[in-house]
Every structure is written in structure tokens, then in C-alpha cells.
Amino acid sequence: DLELLKSKFRGTMLGVLVGDVLGSPYEGKKVISCRKKIYLQRRLDTLEGTKFREPVMEFTDDSAMTRSLAESLIEKRDLDIVDIAKRFVENYYQEPYRGYGTGSISVLKKLRKLKNKKIEPEIDVKGPAKAIFDGRGSYGNGGAMKIAPVSLYSYNNYDNLLHYVKEVTQITHAHELGINGAILQAIAIQQSLCLHPSEELNVSNFIDDLINKMDKIEVESQPYKERLKRVKNLLSDTRDEPNEQRIAKELGNNVRALESVPTAIFCFLKAQKRIKRIRTNNPVRRAIQYAITLGGDTDTIASMTGAIAGAFYGHEKFSRLLLSHCEQADRFEELADELLGIATSKS
Ligand code: F2R
Ligand code: MG
Ligand code: MG
Ligand code: MG
């Protein structure tokens, strides 16, 4: 069903943007207080209920890099990591104020020098990422935060998806945890794309599928698999419902991929049902709002949550009024449509 797929592609790209935009004012704070929760509830109610009275809310590096990646896939109609790296660099120098991570900034600066020297780009494009953090590479969530367009591009080919995610992520993240975090986020989005939003989501199947896939991907130690098992346990603990502090402690809420990608998956799955003190019937908004209440790296966790939720529910669940407040919402929808054109013409 092409109409449904179109809606899901749009939902994915809008989820990245909306989560980032709504989450970024809270980035870096602790689990948010009761008073802040009420404020957040009112703020989102206002944004969903007013047309463009406030200035447009700006996105950060998460959406900026997602946009560059989507634009490259569309322009090249293929995965071209040299072109993607170039676009990351150009975009960073055009808008350096978007709140990039320190590791990513040093990679982008080195990539610019490489470009000037024009040395064997196919080999060297992954070089700077390998050099940072004393040669260990970054385990930040910057790989996962920008990966959504690859899930769309390869939505119907799992093996290609894994290969492409690894290639793209290695431009900025060489650490295994950074790469596997991007893989987990990409396959969570892909799973959501393949499910029908009018049928109730089977939460335990969704998480079991991810656990089985990560079991094959993580060869030696299995930290992501272990976190996903925690997600499963926390979701099934209905008697003693875990509060935000406990979620942040057990799953994490920071810039490390290991301590944010499983958290985003948890937020999406938790929001299948009503959540105490979050007053909305909209499951996409509920997921994003809940992700923000966990504090820490709120823009990125809300953005990754938004992408997975948007991929499941589709774009109809995004309030048009809310979107009117988000910088470049139309552009993100347009990119989704163009990615759909390419992804469906390939197969
Ligand atoms: N950078 C931020 N937020 C903080 C400042 C933003 C603020 N608004 C401002 O303008 O000042 N947010 C963005 O960064 C995260 C994505 O980060 P990315 O792209 O993965 O960057 P990086 O630097 O590679 O990794 C993030 C941090 O993780 C630690 N780290 C990573 N690998 C490490 C290693 N091998 N050893 C030690 N530490 C490692 C470092 O502290 C990195 O700086 C998103 O939240 C995005 O929104
Ligand atoms: Mg950011
Ligand atoms: Mg195994
Ligand atoms: Mg962030």
C-alpha cells in the first residue's frame, strides 16, 4: 500500500525533526521535575493549539545531519559516503551553531582538510573518525541520531540496510558501540515501517525481534542485547510501574549510544499505552513527551523516539499546528517523499 508507506516515510522524517525541536530546550538537564512536567504539558498543548504565533523553533545537529544524509541519497540515488561526508562538512561550516558534539566537530574539521588535499577519498573518509578519542573512535549517539534516511532508503532489504548503516556511521563514529547503536536505531525504524498502525502493536514481539537481531550483530560481548532485555523487563513490570528516575538509571539518558538508543525504543513501546500525567490521546506526542521527561540528552532521545513512532503511526499523527512551529517541517516531508520515490523505484 503506497499511501500507507508514504505516510510512514513522512512520519519518520517528521519524527526526527519534531523530537529534536521539542527536546532541545531541555537538553542536558536531569530527569525533569513535576513542575517542569506540567509546564511541558502546557507548552505542547499551546503549540498544538495555536498557529505560528511564536517564532519558528529551531532544530539542532540531529536534524541537520539527517537532512544532509537524505539529500545525498536523493541526489546520488545511491549510497556515496564521500558525498555524504562532503555535505556534513559543508553544512557544519554553514551552520556551526547547531550544537554538534565535540568529537563530531573535530572529525568534520579534519574531513574538510582532506577534501582540500584531494587524497584518495574512498580510503580517507573514514580516517578522521578512527583517530578521535585516542584512536578509539566515538561511542556517541551521533551515528544513531541521523540514521533514519538509511532505514527509509533500504526499508525492504535488511542485509543492505546493515551494510549501509555501517558505511554511513563510520564517517563520524568508529567505535563499535557507536556503530551498533546506529544499527539498532535503524532496525527499530525498519521494524516499525513494516507494521500496520491500525493493528495493536505486539510489544513483546517487537522487542524480541530486536534482541534476536542484535544477538547476531554483536559478536563478542552483547551490551545492546543486554540493555534490550532490561527494556523488556521494565515494560513488563506493570505492578510496580518504574518511574522516570529508575528508567534513566537502568537504561540511561545521555549522549552515549548505548545509554540512549535502547531508551528511545523503550519510550516508543511504553507510549503504546497511556502514561501517568501525560494528557494526550496521540501516541506519537505521548512518546516524544515522555522521552523529554527522562531528561539528559532530550533532543536526541526524543528525536530517535519520534522517528520510530513516526515510522509506525505515519504522518497523520503529527499535529499540523505543531508542525507550523518547527523549522523546515515542509522540507522534511518533501525529503521523505523523494526518498520514497527512490526506495520504491529500486525494488
Ligand atoms: N553535543 C550535544 N550537546 C551538548 C552541547 C550542545 C549545546 N546546545 C551547545 O550548543 O553547546 N549534542 C549533540 O551531540 C550528541 C551527538 O554527539 P556525537 O555526534 O556522537 O558527538 P561525539 O562528540 O562524537 O560524542 C558525544 C560525546 O560522547 C563522549 N564520547 C564519545 N566517544 C567517546 C570515547 N571513545 N571516549 C570518551 N568519551 C567519548 C564525549 O563526551 C563526546 O563529546 C547529541 O546529543 C547531539 O544532540
Ligand atoms: Mg542536538
Ligand atoms: Mg551470538
Ligand atoms: Mg542531543
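The residues of the stretch 325-347 that are open to solvent by 10 Å² or more (accessible area, probe 1.4 Å), out of contact with any Leu (no Cβ under 8 Å at 6 or more places or on another chain) and not acidic (D, E), listed by number, are R331, G341, S345, K346, S347. When the stretch 68-99 is filtered for residues that are open to solvent by 20 Å² or more (accessible area, probe 1.4 Å), within 16 Å of ligand 2 (Cβ to nearest atom) and touching a residue at least 40 places away in the same chain (Cβ under 8 Å), only G99 remains. Going by what's in this entry, would K146 be described as among the charged types (D, E, K, R), surrounded by 21 or more Cβ atoms within 10 Å (Cβ to Cβ) and either within 16 Å of ligand 2 (Cβ to nearest atom) or at pLDDT below 95 (or both)? Answer is yes for this residue. Taking the stretch 162-219 as the range and being closer than 29 Å to S104 by Cβ and part of a loop (DSSP other than H, G, I, E, B) as the test, the residues that pass are Q170, I171, T172, H173, A174, H175, E218, V219. Just the residues that are away from ligand 1 (no atom under 15 Å from the Cβ) and not in a helix (DSSP H, G or I), please, taken from the stretch 31-63. Those that are away from ligand 1 (no atom under 15 Å from the Cβ) and not in a helix (DSSP H, G or I): V31, I32, S33, T50, K51, F52, R53, E54, P55, V56. Working only within the stretch 237-288, note down all residues that are assigned to a loop (DSSP other than H, G, I, E, B) and under 20 Å from the mean Cα position of the chain (by Cα). If the condition is that a residue be assigned to a loop (DSSP other than H, G, I, E, B) and under 20 Å from the mean Cα position of the chain (by Cα), then G252, N253, N254, V255, S260, A271, Q272, N282 are the ones that fit. There is no residue in the stretch 224-233 that is surrounded by 24 or more Cβ atoms within 10 Å (Cβ to Cβ) and within 16 Å of ligand 4 (Cβ to nearest atom). The set of residues in the stretch 162-196 that are among the β-branched types (V, I, T) and open to solvent by 10 Å² or more (accessible area, probe 1.4 Å) contains only I179. The conditions of being within 16 Å of ligand 1 (Cβ to nearest atom) and either free of Cβ contacts under 8 Å to residues at least 60 places away in the same chain or hydrophobic (A, V, I, L, M, F, W, C) (or both) are not met by E199.
Annotation: of all residues in the stretch 48-63 being open to solvent by 100 Å² or more (accessible area, probe 1.4 Å) and within 26 Å of the chain's Cα centre (by Cα), the one that is nearest to ligand 2 (Cβ to nearest atom) is E58.
Taken together, D134, D209, D124, D159 contain a single residue that is more than 16 Å from ligand 4 (Cβ to nearest atom), among the charged types (D, E, K, R), open to solvent by less than 50 Å² (accessible area, probe 1.4 Å) and over 19 Å from R67 (Cα atoms), which is D124.
Among the residues of the stretch 30-41, none qualifies, meaning not one is under 11 Å from H325 (Cβ atoms), in contact with an Asp or Glu (Cβ under 9 Å, 6 or more places away or on another chain) and open to solvent by less than 20 Å² (accessible area, probe 1.4 Å).
Look through the stretch 258-295, keep the residues that are open to solvent by less than 10 Å² (accessible area, probe 1.4 Å) and touching a strand residue (DSSP E or B) at 6+ places or on another chain (Cβ under 9 Å), and return whichever of them is farthest from L14 (Cα to Cα). Here the answer is G295.
The values are calculated or read from the model by the stated rules, or taken from the named source; none is laboratory data. Predicted, not measured: the structure shown is a model, and the values here were computed from it. So basically every Cβ, Gly included, is an ideal-geometry build from the backbone, and we count neighbours across all protein chains shown. To get the accessible areas, we keep the full protein, side chains included, count just its heavy atoms, and leave off ligands, DNA and RNA. Shrake-Rupley method; radii C 1.70, N 1.55, O 1.52, S 1.80 Å.
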